[in-house]
1. Please specify each residue of segment 67-98 satisfying the condition of being under 24 Å from the mean Cα position of the chain (by Cα), farther than 22 Å from Met132 by Cβ and either more than 16 Å from ligand 1 (Cβ to nearest atom) or surrounded by fewer than 12 Cβ atoms within 10 Å (Cβ to Cβ) (or both).
2. Consider Arg121 against the criteria (1) under 30 Å from Glu372 (Cα atoms); (2) among the charged types (D, E, K, R); (3) more than 16 Å from ligand 2 (Cβ to nearest atom); (4) open to solvent by less than 10 Å² (accessible area, probe 1.4 Å): it satisfies all of them except one. Which criterion is unmet?
3. Counting just the residues of segment 383-397 that are buried (at least 21 other Cβ atoms within 10 Å of the Cβ) and closer than 21 Å to Ala263 by Cα, which one comes out nearest to ligand 2 (Cβ to nearest atom)?
4. Any chance segment 259-266 includes a residue that's open to solvent by 50 Å² or more (accessible area, probe 1.4 Å) and not in a helix (DSSP H, G or I)?
5. Of the residues Phe253, Phe273, only one is within 17 Å of Phe346 (Cβ to Cβ), within 24 Å of the chain's Cα centre (by Cα) and part of a loop (DSSP other than H, G, I, E, B); which?
6. Quick one: Tyr382 ticks every box in (1) touching a Pro at 6+ places or on another chain (Cβ under 7 Å); (2) outside any helix (DSSP H, G or I); (3) aromatic (Phe, Trp, Tyr) except a single one, so which number is it?
7. Which count do you get for residues in segment 172-211 that are within 16 Å of ligand 2 (Cβ to nearest atom) and among the small types (Gly, Ala, Ser)?
Amino acid sequence: MSDKAVAFAQENGERFVEELKDLLRIPSVSTDPERVGDVRKAAEFVAEGLRKAGLENVRLIETSTAERKGHPLVYGDWLKAPGKPTVLCYGHYDVQPAEPLDEWKSPPFEPTERNGNLYARGAVDDKGQMWMHVKALESLMSSTGSLPVNVKVLVEGEEEVGGEGIEAFVREHGDVLKADAALVSDTEMFAPDLPTLCVGLRGMIYTELEVRGAMVDLHSGMYGGAAPNPFVALAQIIAKLKREDGHIAIPGFYDGIEEPTKAELDAWRALPFEEEHYRKTEVGSPELVGEPMFSVLERTWSRPTMDVHGMPGGFTGAGAKTVIPAKALAKISFRLVPGMKPAETFAKYKSFVEQICPRGVSCEVRMIHSGEPIVVSTDNDYIAAAAEAMKAVWGKETVYVRGGGSIPIVGDFVRELGIPTVLMGFGLPDDNLHAPNEKFHLANFHRGTESIIRFFERLGA
Ligand code: BES
Ligand code: MN
Ligand code: MN
């Protein structure tokens, strides 16, 4: 193993960051129909980056069908290392909406450096992390003329909206993606100085619950008292979904859940975690909530949960309007853990809502998207190489954690492609993913790139 590629990455680190800033200036918000053009621009930017890194067969793969308009996948490969393993590198170039805009200290799509951090929507989730893959490959190729392993790179533009397009592609063209292992950098480190591999992700179902009352909006003075209010009904339903102690009251919801092993729980207990520090610095609420008999790490990693994301409808403008809205909507999701199936959980939830739907209104539950939970096996050479690569860069033993978030396609890598998956992420707990002032700690961008280079080198050795 030579240090040429690492030296190249160090010498060119500033340029890598400047290029990343150009990518971050493209507002590729996948959920926003007005941003389709920008999403495509970001895809083209990534494709160009792959070409420049020396990858071959670089192309956009369309995911649109007659039924749906989808954002393109970006693909590239380099398969000239006979006898060496093939690694499938995955990331996403789409981002979450940046709102509320007035809470950003610098505009979300004008990347800005402050105190060693790069602030922008997508800085860490996932443009910055995906870019480390591209730059690690470029560093290896430019400094040595080849790669130590074969690679296939697949970058999607719909991760933040459920990843339907990539899912269809993996199911239909699994052969194109044939690889020995997958590398995903879209998770977090447990603490700034602690090299971390993520070995499990929660699944999810994302739903809309619509409640309808009167046939039109009504004057609340003239009809209040007799006409049903769908927001009140919605609140009553939501209040019945989750008890005050965090337990979800849907019958059969917890059936079949697989608990973490004793060894895993012991390892979690050994992690440097201080509940009060977490409450104060990351959450900032007067108290933490949830199931009292489970630790915070268990509550966020290995227990399912329910959250409400917004309740559009009715009057939300400035000032006051006395109206009884005809309908009310809530965006509600559930995080799932191993042993739970999205379709089964949805069916239980739907029938429970229908059963508790208050008098005077009708209730409809719709699935927006879903993804399965996963735990990856740690007993393989790829995880071992990743742990050693990270240890070499950070100088500390790598820890294993799970993530509470979801990356829908990872389940398919594990189940459809049947390959070991390495979740080597470089985010930090205070990176503000999905929130205002998202950032990427630049030291992690550089150390992460070095870790990825060393990972590939170890696999090829
Ligand atoms: N990168 C995150 C997932 C993540 C974050 C995993 C932190 C582990 C730790 C990903 O981009 C994400 O936000 N996924 C969505 C998925 C959903 C929209 C289908 C999520 O978890 O809400
Ligand atoms: Mn992500
Ligand atoms: Mn995300």
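The values are calculated or read from the model by the stated rules, or taken from the named source; none is laboratory data. Bear in mind the structure is a predicted one, so any value in this text is a computation, not a measurement. Neighbour counts are summed over all protein chains in view; Cβ atoms, including those assigned to glycine, are modelled from backbone coordinates with ideal geometry. All accessible areas refer to the heavy atoms of the entire protein, side chains included, with ligands and DNA or RNA removed. Shrake-Rupley method; radii C 1.70, N 1.55, O 1.52, S 1.80 Å.
1. Across segment 67-98, the qualifying residues are Arg68, Lys69.
2. (3)
3. Checked segment 383-397; the qualifying residue nearest to ligand 2 (Cβ to nearest atom) is Ala386.
4. Yes, segment 259-266 contains at least one residue that is open to solvent by 50 Å² or more (accessible area, probe 1.4 Å) and not in a helix (DSSP H, G or I).
5. So the residue among Phe253, Phe273 that is within 17 Å of Phe346 (Cβ to Cβ), within 24 Å of the chain's Cα centre (by Cα) and part of a loop (DSSP other than H, G, I, E, B) is Phe253.
6. It is condition (2) that Tyr382 fails.
7. Result for segment 172-211: 4.
Yes/no per residue for (1) in contact with a strand residue (DSSP E or B) (Cβ under 9 Å, 6 or more places away or on another chain); (2) within 16 Å of Ala191 (Cβ to Cβ); (3) among the hydrophobic types (A, V, I, L, M, F, W, C); (4) in contact (Cβ under 8 Å) with a residue 60 or more places away in the chain:
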{"site": "Lys262", "(1), (2), (3), (4)": "no, no, no, no"}
{"site": "Leu265", "(1), (2), (3), (4)": "no, no, yes, no"}
{"site": "Glu274", "(1), (2), (3), (4)": "no, yes, no, no"}
{"site": "Glu282", "(1), (2), (3), (4)": "no, yes, no, yes"}
{"site": "Glu287", "(1), (2), (3), (4)": "no, no, no, no"}
{"site": "Met293", "(1), (2), (3), (4)": "no, no, yes, no"}
{"site": "Val296", "(1), (2), (3), (4)": "no, yes, yes, no"}
{"site": "Thr300", "(1), (2), (3), (4)": "yes, yes, no, yes"}
{"site": "Pro304", "(1), (2), (3), (4)": "yes, no, no, yes"}
